[in-house]
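Student: Sharing a structure here in structure tokens format.
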Amino acid sequence: MSGNPIRKVALRNLAAHKVRLALTVLSVVLGTAFITGSFVFTDTLQRTFDDIFGDVAQGVDVRVSTEQLGSRGVPIEDADRVAALPGVERTSPRIGGGLIVLDSEGAAIQTGGAPAEGYAWFPPEQSVGEPFEFLAGTPPTEPGQIALNSSAAERGNLEVGDETQVLTMAQGMVPVTISGLYELDTDTGGYIGALFTEAQATQLFSDGRHVQYLDVVGDGSRTPDELRDEVAAALPSLKVQTGAEVTEETKSQVGEALNFLNYFLLAFGAIALLVGTFIIYNTFSMIVAQRLRELALLRAIGASRTQVGRSVTLEALVVGALGSIIGIAAGVALAYGLRAALNAADLGLPSGALQLSPRTVIVALLVGIVVTVVSAYAPARRATHVPPVAAMREESTATIESLKLRTIVGVVAAVAGAILVVIGAQNTGGGAASTVG
């Protein structure tokens, strides 16, 4: 008997038992959906933060900062020492720190997990990188004025001329007026950037003797690495990096911070796959038991053990592939739902298009198909070792109860359990309220 009839038998058997096929596919969908959803969600966060921090050192040849977190910063007098070095065209200090900007209703603007910071504005000839493009208004020209990036202003329902407040660690609530709105190349992910005058930024974010860090632009006579080594020799107690090193370090720190979330979500996927493995194994065990006569008949008319085993394995392959494809789509929907749920709980995360990478698709397909085929291997092997004549005897066939009764009992038990959980939660809440009262 050729392989083609066996494939037809396997595929027609799947088509003839649609409910059984759907239940088996569902077990694969659950596992692959969690894996896909976790990868999509964390890849989206990683891509968004990479966009935010990708230009963190744009136009910077060398950056001077401090090794210890929480230190006062780089001494201001070091800026003059660096500016006097050969190969340096200009230096630009960074004077800034974290803050909270209030919206038009007096509530904090949601940052979506992205930074919210205020810093001093410098004219293009004194700054590093591309100059800010103002969409409306002007940069701050006097204390009490700030310029906001356009996406932050939109989220806060703020326009040029509006009055609001910012919360800083040094002076608490500070009243400000919006002087202008500027645009960023990567104005996504909830980032908030408030520009202050140099004098007010120094007052709010510095002790007057230190700056957050110092950016250096070379005159072209030296490579960034050569300029870095020269600055490091002049300031041995400070951290000196090229702009590219700063960018890579920042991205690496963001990636490490997101790893815990990926592990957390993948744990759910692993549990779902483990449970799904048992479900698939039991399902194919029942399928083989129900089909012993059919498989024995195939053996009797000339099918070899290998062909019978392949027919069962082919069914598992189809189930695994179908379940994995549906699981990938369900995983993307799960990532959408997870982000929406976090936003609804005021735990907003960076916005942006969801990232479905080829790696995610390949991993989900491989895991779903491999787990399904491996789970079906033992039942398929067992089916090939039953003698055809013995399998066709009445007493040798397994007496399998209808799944309909089991399904009804399972649904009733699940509904009853859900009701009991709700009742228990209400009772607990009521008891707590009574205790407080």
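What follows is calculated from the coordinates using simple rules that are stated; it is not laboratory data. Quantities reported herein were computed from a predicted structural model and do not represent experimental measurements. Quick reminder, even Gly has a Cβ in these numbers, built from the backbone with ideal geometry, and neighbours come from all protein chains shown.
Student: What distance in nm lies between label points placed 7 Å from Cα along the C-beta direction at Leu274 and Ser252?
Tutor: 3.4
Student: May I ask you to compute the full-extension gain from Val370 to Thr141, defined as 0.36 nm times their residue separation minus their alpha-carbon distance, rounded to one decimal in nm?
Tutor: 76.0 nm
Student: Let me ask you something else. At q = 0.17, 0.18, 0.21 Å⁻¹, what log₁₀ I(q)/I(0) does a Debye calculation on the Cα points of the stretch 150-211 give, no solvent, two decimals?
Tutor: -0.68, -0.75, -0.96
Student: I would also like to ask the following. By how many nm would the segment from Asp162 to Ala107 lengthen if fully extended, with 0.36 nm per residue of separation less the alpha-carbon distance?
Tutor: This chain segment gains 18.3 nm when fully extended.
Student: Here's another thing I want to ask about it. Could you work out the percent of alpha carbon pairs in the stretch 81-196 separated by over 19 Å, rounded to a whole number?
Tutor: Percentage above 19 Å: 45.
Student: Label Met173 and Ala329 with points 7 Å out from Cα along Cα→Cβ: what is the distance between them in nm?
Tutor: Label at Met173, label at Ala329, 5.2 nm between them.
Student: At Val411 and Gln126, where each label point lies 7 Å from the Cα along Cα→Cβ, what is the point-to-point distance in nanometres?
Tutor: 7.3
Student: Next up: Under the Karplus relation 6.51 cos²θ - 1.76 cosθ + 1.60, θ = phi - 60°, what is the ordered set of whole-Hz ³J(HN,Hα) values for the stretch 233-243, x standing for Gly and Pro?
Tutor: Per-residue couplings from phi come out as 5, 7, 10, x, 8, 10, 8, 10, 9, 6, x Hz.
Student: To the nearest 0.05, how large is the calculated FRET efficiency for Glu245 and Leu26 if R₀ is 51 Å and r is the Cβ-Cβ distance?
Tutor: 0.55
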